[in-house]
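**Student:** Structure below; questions to follow.
The values are calculated or read from the model by the stated rules, or taken from the named source; none is laboratory data. Since the structure is predicted, the reported quantities are computational estimates derived from the model, not experimental observations. For neighbour counting, all protein chains shown are included, and Cβ atoms are generated from backbone atoms with ideal geometry for every residue, glycine included.
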Amino acid sequence: MTSPITNCYDPKAARPRLAVERAYLYRPETEWTYSHHASITFFKGRFYAILSQDDVKAGRTFDDGIALGIF
């Protein structure tokens, strides 16, 4: 069976469109809306997401950030 994924780009060739889902994991409600280290992963059937919301200083860990939960 031939794989539908190739390295040969042809702009005229028909390509399947991937189905996607979109969701907001976090919506800030303050003046400062930037977060560091945004990360999401899928492990053992669940998604995990974390981010940091303060200045990054030596010795800080992700425990200092916020966990968005397991969903």
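**Student:** Can you tell me how many residues within the range 1-57 are among the small types (Gly, Ala, Ser) and out of contact with any strand residue (DSSP E or B) (no Cβ under 7 Å at 6 or more places or on another chain)?
**Tutor:** So the answer is 6.
**Student:** Let me ask another. For Lys12, all conditions in the list (1) in contact with a helix residue (DSSP H, G or I) (Cβ under 9 Å, 6 or more places away or on another chain); (2) at pLDDT 70 or above hold save one; what is the number of the exception?
**Tutor:** With (1) in contact with a helix residue (DSSP H, G or I) (Cβ under 9 Å, 6 or more places away or on another chain); (2) at pLDDT 70 or above applied to Lys12, the lone miss is (1).
**Student:** For the range 44-55, indicate whether the set of residues that are among the acidic types (Asp, Glu), surrounded by fewer than 10 Cβ atoms within 10 Å (Cβ to Cβ) and under 20 Å from the mean Cα position of the chain (by Cα) is non-empty.
**Tutor:** no
**Student:** Name the single residue that is surrounded by the most Cβ atoms within 10 Å (Cβ to Cβ) among those in the range 13-43 being charged (D, E, K, R) and under 28 Å from Ser3 (Cα atoms).
**Tutor:** Arg15
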